[in-house]
Amino acid sequence: MKKAFVFGMAALVTTMSLSLTVHAAPGAKPAREALVEYTKQVKAAAFGKGMTSKGLDAQKLKVAQDNIINELALPSGKNNALSMALKADPTKSAQRLDSLATIVAAKKMAAEISKKDANEGQSIDAAATASAKLMANSSLTGARKTAKDLNAAELTETTAALSKLETLPEAILTRFSKAERDSYTQIIERHDQIVESGKRGTSEEAFVDAIMEVKGVDKAKAMEVVKKLKECV
């Protein structure tokens, strides 16, 4: 199945390149809309005609997981964290793996988009990488029930926001403007750096810190951003 997935991805990249050429014509769909269709093709290659990992038997699920993580080509530590995140909460495993398939599609497509629009392609690729890091850190979400610098309500709200973000890679990569996408990337990258540093006791505190730093706002304003993210649909 691994070879089939690799060959399938190669064929999809060729198809995608042709598709983007067509989409570049006047009046054609923009590349971000093409990504929606391409994501469906990547999911079909990874998971079969159902286009979701939900319901796959254990062997097929393991192969699909390994293939997708390998395609992301992240540092080994992040790959291990992704594997842990996919096992940490069985109720979220399928959704997380489906989101990772979307991220793979975005990174593949970003390379093609860059041939026509380097800035847009780089923005999509960076947002996809940030999304993968968010998924790698997802096992830390809600791991602790108290936080030094967040009260109970703030902690609960931030946990909900991080959980919501796990489900939004496709929306972020296809619906956000470049400015919105780049702001998201900066926050998630900073969140990852703070988590990696071990300076914060919870992922939630690291996330609020990241918003404060990137946006240049105080905690109260950062919590307003958290609330908006939690309610994002």
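Tabulated data
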quantity	calculated
Counted residues, the range 52-78 - those being part of a loop (DSSP other than H, G, I, E, B), among the aliphatic types (A, V, I, L, M) and either in contact with a strand residue (DSSP E or B) (Cβ under 8 Å, 6 or more places away or on another chain) or over 23 Å from residue 130 (Cα atoms) (or both)	1
Condition met for residue 101 (of a type in the set (A, V, I, L, M, F, W, C), closer than 20 Å to residue 37 by Cβ, open to solvent by 10 Å² or more (accessible area, probe 1.4 Å) and in a helix (DSSP H, G or I))	no
Candidates 144, 175, filtered to the one that is open to solvent by 70 Å² or more (accessible area, probe 1.4 Å), closer than 24 Å to residue 86 by Cα, more than 12 Å from the chain's Cα centre (by Cα) and touching a residue at least 40 places away in the same chain (Cβ under 8 Å)	144
Whichever residue in the range 114-146 is in a helix (DSSP H, G or I) and acidic (Asp, Glu) and, among such residues, is modelled with the lowest pLDDT	120
Output for the range 84-96, where each listed residue is part of a helix (DSSP H, G or I), out of contact with any helix residue (DSSP H, G or I) (no Cβ under 6 Å at 6 or more places or on another chain) and either open to solvent by less than 30 Å² (accessible area, probe 1.4 Å) or closer than 12 Å to residue 53 by Cα (or both)	94, 95
For residue 196: the one exception among (1) out of contact with any Lys or Arg (no Cβ under 6 Å at 6 or more places or on another chain); (2) in contact (Cβ under 8 Å) with a residue 24 or more places away in the chain	(2)
Residue within the range 148-166 that is open to solvent by less than 30 Å² (accessible area, probe 1.4 Å), within 11 Å of the chain's Cα centre (by Cα) and within 27 Å of residue 64 (Cα to Cα) present	yes
Identity of the residue in the range 205-233, outside any helix (DSSP H, G or I) and either open to solvent by 70 Å² or more (accessible area, probe 1.4 Å) or touching a residue at least 24 places away in the same chain (Cβ under 8 Å) (or both), that ends up nearest to residue 147 (Cα to Cα)	218
Pick from the range 187-200, criterion of a type outside the set (Ser, Thr, Tyr) and out of contact with any Asp or Glu (no Cβ under 9 Å at 6 or more places or on another chain), ranking: most open to solvent (accessible area, probe 1.4 Å)	196
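The values are calculated or read from the model by the stated rules, or taken from the named source; none is laboratory data. Just so you know, these numbers come straight off a predicted model, no measurement behind them. Positions of Cβ are backbone-derived with ideal geometry, glycine not excepted, and every protein chain shown enters the neighbour counts. Surface areas here come from the heavy atoms of the whole protein model, side chains and all, with no ligands, DNA or RNA. Shrake-Rupley method; radii C 1.70, N 1.55, O 1.52, S 1.80 Å.
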